[in-house]
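One structure below.
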Amino acid sequence: MKHFSSINPKFKLNGISYTKDQLCSLAVELAEKENFKKEIGSFLQDWLSNSPTLIVHTSGSTGTPKPMILQKQQMVNSALATGSFFNLKESDTALLCLPASYIAGKMMLVRALVLGLEIDFVEPSSNPLKEINKKYKFSAMVPMQVYNCLHNLHFIDTLIIGGAAVSLDLKEKLKSVSTHLFETYGMTETITHIAVKEIKSDSFKTLPNVTVSLDNRNCLVINAPKVSDVIITTNDVVKLITENEFKWLGRFDNIINSGGIKLNPEQIEAKLSDYIKTDFFVSSVPDPVLENKLVLLIEEEQKNEDIIAYLKKSTVFTSYEIPKEVYYISNFVRTESGKIQRTKTLELLKK
């Protein structure tokens with residue numbers, strides 16, 4: 001029997017142990033539901049099938065979602081690496097509160113099946129801990145969920161946060177939380193995270209059997225033979241510390257050339273987060289003089305205050321880093337996992 005087909009005897013789903021046949025029957029039952037349980041059932045059916053591969057879809061945060069074929073054994077390897085890094089043991093409790101339609105939710109189930117975790121699932125929502133009164137060793141959330149669960153995070157011992165960057169405002173609010181918090185770095189191509197960092201740290205550390213380097217753009221190159229058959233070259237600009245540690249600086253494909261000056265949106269956004277407490281991002285629009293003009297998009301109704309004049313009084317920003325225009329948008333365009341789709345949101349300005 002293939003490794004990926006077996007079920008760790010300590011595995012439990014919502015408090016119940018299952019043989020493979022019993023889990024197959026449950027998967028069929030769940031797949032017939034009309035809510036989030038359908039996604040869990042469909043994934044379990046795929047996972048328990050005899051096929052050595054399964055199809056997943058990328059999140060679509062940097063483009064159109066696309067299907068990808070993943071090797072189940074590599075998903076097992078990813079689960080083992082996460083278990084080793086976080087010292088997860090058989091019978092540890094875990095909570096699934098992410099959609100099983102994307103890789104992050106799927107891998108929570110794989111970790112439980114492979115490592116023998118006792119995993120419970122709840123409906124994915126903006127506040128998944130609202131009805132929780134049980135302690136869990138391990139879980140995963142997106143930043144929006146973390147923000148809405150601030151008063152209940154004590155129910156989670158170790159929490160990994162992915163899907164989007166954690167804002168400085170949220171980091172400040174998390175300082176008083178007892179939960180062990182980690183930001184993750186990864187993508188569907190690497191079967192979720194290949195590196196993590198403590199919330200208070202500046203640099204990511206790679207999981208076992210993963211090394212990193214730079215290309216000629218100073219973008220991250222990932223060598224993770226246990227989870228990918230090829231070396232992955234990313235568009236993430238980083239500062240390399242060692243082959244197992246790096247600091248993320250921003251996206252190469254987000255860099256704005258404004259009047260010959262190269263601007264990194266993520267670094268500007270890190271500074272702006274001290275001044276703006278709602279969701280926002282910076283981008284550019286065409287300009288006859290600068291070619292690309294730096295603009296700020298804020299997710300809220302129009303405000304009367306002149307934020308540009310306010311920023312000009314600060315000593316934190318260079319003159320190039322101060323947006324030329326501010327646009328207020330009621331609702332940003334997001335993926336199902338909550339990531340802001342910058343390009344599609346920017347297109348709203350044309351309507």
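Before moving on, here are some points about what is shown:
- Measuring between their Cα centroids, the stretch 152-207 and the stretch 313-334 lie 26 Å from each other.
- Efficiency of FRET between Val230 and Phe252 - r from beta-carbon atoms, R0 22 angstrom, step 0.05: 0.70
- Taken over the stretch 217-343, the alpha-carbon convex hull comes to 150 cubic angstrom per residue.
- Amide H contacts for Ile156 (H built 1.01 Å from N in the peptide plane; partners 5 or more residues away or on another chain; cut-off under 5 Å): Tyr136.
- Overall form of the stretch 54-126 per C-alpha gyration tensor (a/c, 1.5; a/b vs b/c): oblate
- Largest mean-square fluctuation among Val212, Val110, Val289, in a Gaussian network model of the chain whose springs join Cα atoms under 10 Å apart, belongs to Val289.
- Global form of the stretch 1-111, assessed from the alpha-carbon gyration tensor, a/c cut-off 1.5: rounded
- In units of the rule-of-thumb radius 2.2 N^0.38 Å, the stretch 290-351 shows an alpha carbon radius of gyration of 1.26.
- Of all aspartates and glutamates in the structure, the ones whose alpha carbon falls short of 16 Å from that of Lys205, not counting any fewer than 8 places away in one chain, are Glu183, Asp236, Glu243, Glu245.
- Per-residue ellipticity at 222 nm, computed for the chain from helices alone with -39500 (n - 2.57) per DSSP H run of at least four residues, works out to -7000 deg cm²/dmol.
- Computed FRET value (nearest 0.05) for Glu291 with Lys33, which takes r as the C-beta separation and R₀ as 51 Å: 0.50
- Relative contact order computed over the chain (Cα-Cα under 8 Å; 6+ residues apart), in percent: 11
- Here's the picture: a label point sits 7 Å out from the Cα of Cys24 along the beta-carbon direction, and within the stretch 100-140 the residues with their amide nitrogen under 20 Å of it are 110, 113-114.
- The stretch 46-158 - percent relative contact order, Cα under 8 Å, separation 6 or more: 22
- Fraction of beta bridges assigned by DSSP in the stretch 244-342 that are antiparallel (%, nearest 5): 70
- 17 Å cut-off, amide nitrogen to a point 7 angstrom out along Ser201 Cα→Cβ, residues in the stretch 212-236: 212-213
- Percent RCO, i.e. relative contact order, over the stretch 273-331, from Cα pairs under 8 Å lying at least 6 residues apart: 36
- Put simply, the convex hull of the Cα atoms in the stretch 29-184 casts, on average, a shadow of 9.7 nm².
- To put it simply, the accessible area of the stretch 185-232 at a 1.4 Å probe is 47 percent carbon and sulfur.
- Prolate/oblate/rounded label for the chain (Cα gyration tensor, a/c 1.5): prolate
- Coupling constants for the stretch 254-271 follow from the phi torsions by the Karplus curve (6.51 cos²θ - 1.76 cosθ + 1.60, θ = phi - 60°), and in residue order they are 9, 4, 10, 9, 10, x, x, 9, 8, 10, 9, x, 5, 5, 5, 5, 4, 6 Hz; glycine and proline get x.
- FRET efficiency, 1/(1 + (r/R0)^6) with R0 41 Å, evaluated for Lys351 and Ser176 via beta carbons: 0.45
- Largest accessible area first, the listed residues Cys97, Cys24 line up as Cys24, Cys97 when surface is computed with a 1.4 Å probe on the assembled protein chains.
The values are calculated or read from the model by the stated rules, or taken from the named source; none is laboratory data. Remember, it's a predicted structure, so these values are computed and weren't measured experimentally. Glycine also receives a Cβ, built like all others from the backbone with ideal geometry; neighbour counts cover every protein chain displayed. Only protein heavy atoms, including side chains, enter the accessible area calculation; ligands, DNA and RNA are left aside. Shrake-Rupley method; radii C 1.70, N 1.55, O 1.52, S 1.80 Å.
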